[in-house]
Structures are given as structure tokens and as C-alpha cells.
1. Ranked by accessible surface with a 1.4 Å probe, highest first, in what order do 114, 48, 301 come?
2. Collect residues whose amide H, placed 1.01 Å from N in the peptide plane, falls under 5 Å from the amide H of residue 186; neighbours closer than 5 in sequence don't count.
3. Which net charge results for the neighbourhood of residue 337, defined as the other residues with beta-carbon distances under 14 angstrom from its beta-carbon, given Lys and Arg at +1 and Asp and Glu at -1?
4. Compute the signed sum of charges (Lys and Arg +1, Asp and Glu -1) over the other residues within less than 13 Å, Cβ to Cβ, of residue 288.
5. Binning at 5 angstrom from zero up to the longest distance, how are the C-alpha pair distances of region 239-314 distributed in percent?
6. From the backbone phi of region 218-227, what are the Karplus-calculated ³J(HN,Hα) couplings (6.51 cos²θ - 1.76 cosθ + 1.60, θ = phi - 60°) in whole Hz, Gly and Pro given as x?
7. Can you give me the long-range amide H partners of residue 194? Hydrogens built in the peptide plane at 1.01 Å from N, cutoff under 5 Å, separation of 5 or more residues or another chain.
Amino acid sequence: MSAQASSPQKEVVRSSESEEAVAFAVASDPLELQARLVDLLDANDVATFAASVAPDALIRSLLDPTQAATGREKVMAKVSEIAGKLKGRLAEREAVRVRGDVARCLCSAKVFGTSVAVGFEFVFKGDVVVELGLAKNPPKADFLKTTTTTRDEDAAAAEETTTTTKPLVSLEAPFLAPRPAEFPPRLVEIKVKSLGSPLSSPYIAPRLINPYVKVSCGAGVVARTKVRINAKSPVFEKDDDDATLRLVAPSSDRLDVVVMDYNVARKHQWLAKGSLDLAALPLCATEKNFQLPLSVRKSITNQAVHPDKSQTLLCDIAHFDLARWWEVEERSRRAAQAEAEDASASSSEDGGNSKRTSWWRIWAA
């Protein structure tokens, strides 16, 4: 009897932290996982939050694709900043499962008496966060819009539209165009020269502008020029060639260009930005004095672009993609060969009349 009475006392009593760990271990629904993580943000419990972040997780801005960083430390640095500001302020929440393993949550918060909408996008692999997207005051309808495709289908679609280091479609030997055993990685090279007009300041009070240019082509593929101190009409092209930016193995066909203002003690601010579809450039050739149109920031207090002002960036730009170039060349040669074979076959079918007519016209002329 005493043994039976003592058996319940042998149960292990779990601490609250252990219970949280168990909750993460058994949860599999992205909506449940994101709800738990947002609760941790609201409680400023960044330590427990960090336990669910992958070591190589990606954090990015959902409104500005050039703002991205990789690594748990980078993710948690931003999460700690957000949790410190929004502790106990995340009131109304609307969550949606965008697709298979992706969940979004739109929260309203009051900071210094002002209502702010904060959007979170969590991408899970199992119960671990592999990607965190952030947005301030995103358009609600677009942010909470769901898709019917799975993440695997999205990835497959992205692979179809993204150039890789391999040919776009496998072509069988024999090859008509010389083909290397391996293709080198894609390379985007842009030599930044100058701006088309002086930079307009988005700041309310007069201040110095220290511009630099940042280019990116997919997550993690970023390069930037050096800062030009106190220059509203910066000339980036210098003898030391620091304005030649190279993006090796870009993961996207879209090139994003941003003119930034360097701040010593504060977050760097964007002044003008634009993008370019690399498919519009000739393959393995340099476009000299290319004028890339840029949108100008209207005010430092928001992310809106100015409706009446614009800017251009003068640069030399080249897109080296030998895999795609080779495939275009190979297909062109095969098409020419097929056309020649068809012409020869048709001449044989009519008994050589077309050949005799052709030679007769040449002789008669």
C-alpha cells in the first residue's frame, strides 16, 4: 500500500522552461509555433526564442530586399531590439498560414503614443525557424494574403526563373559549340561612376550627406562602394578602383541598387533605390555608361518615394553567364544545322530542280 501511495511522488516536476521546451518539441503547426514565438517577443524572453532559431537562419526585410543578414547572432540582435521596444505592447494580432511551412502575424503596438503595425513572417523547418521576415506598417491585405502552393513548389518555380551555373536545359552530345567541362559561376560586375543630379536630402533639418552605393542580387550576395564624405554630387569612380563591385554567383536575376547615407551613430538611411532585370542585359558584354533609373526617398519619416523627383546612376555594367551564353549559342548552331538539312532534303525530293534553277539564274545573270 505504501508503495502504491508513493508512486505518484516519483513523477518528475518540470520547470516552466522545460514545459516551454516540450511545447516546442511537440508543436508542428506553423500557426501554433509563430503564436508561441510572438508571445516570447511580447515577454522579452529572447533566450527561449533563440533556442528555436537555426544557426544559419536568415533575417530579412519584407519591404526592402537589400536588407538581409544570415546567422543566429544577426537574427537575435534584431529580435532583441524589437523585443526591448515592444515588450508588453503587442496587442491585437492577426495570423495566417501563408503556405505549407510559412506563417505570418500582423501585430498592432503603441510606441510613444503612436500606433504601429509590425509584421512577422516565420519560415519553419520542422520546429526550427530558418527564416524571419520583418515589416513595419505593411499593407494588411497583401501581407495576410495566402497562397495555395507549397514552399517546395515555390522553390521549383524560382529555380525555373533563376539562372544557375548549369545550362538552363540539358542538351545531349554531340555539341556544335565548344563546351567546357564545368561552367564558372555567374558574375555581375558594376562600375559605379556618378549620379545624374545632386542628391536631395530627405531630412527635416540640414545635415551632411555621406553617400555610398550598395548593390545586391539575391539574399546574401551584396557589395558596396566606399563612403563619400559630405558629397551631394558624389563621384564614385576613383583611381583605386573601389567603385567596381562584383557579385559572384548571384541567386536572383534581379539586381537591386540603393544609394545609402552613412551615419556613424544611427542606422544608415536609403536615399534612392532602383532595380534592374539582368535578362535585359546582353550576355558576356559590358554596357558602357548605363543610366539606371532610381526612385528618390520623399521623407526620412517614412519609406515612401517622391512622386515628382527621380535620380539616375551612371555606371558600366556587365553580366557574365557562360552557361546561358553557351546554351544560346548551341541552340543557334543546331537550328542553323537543322535548317540546312531541311533545305538539302527538300532539294533532293524535287529531283534537284531547285538547284538547277538556282544555277541557271546565276549563269544567266
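The values are calculated or read from the model by the stated rules, or taken from the named source; none is laboratory data. Nothing here was measured: the structure is a model prediction, and the numbers come from that model. Cβ coordinates were reconstructed from backbone atoms using ideal geometry, including for glycine residues, and neighbour counts include every protein chain displayed. Only protein heavy atoms, including side chains, enter the accessible area calculation; ligands, DNA and RNA are left aside. Shrake-Rupley method; radii C 1.70, N 1.55, O 1.52, S 1.80 Å.
1. 301, 114, 48
2. Placed amide hydrogens put 249 under 5 Å from residue 186.
3. In short, -2.
4. Working: positive: 191, 193; negative: 189, 237, 287, 316.
So the surrounding residues net to -2.
5. Spelled out bin by bin, region 239-314 gives 3, 12, 18, 23, 19, 15, 8, 3, 0 percent.
6. Rounded to whole hertz, the list is x, 5, x, 9, 9, 8, 8, 7, 7, 7.
7. Amide H neighbours of residue 194, under 5 Å, 5+ apart: 236, 314.
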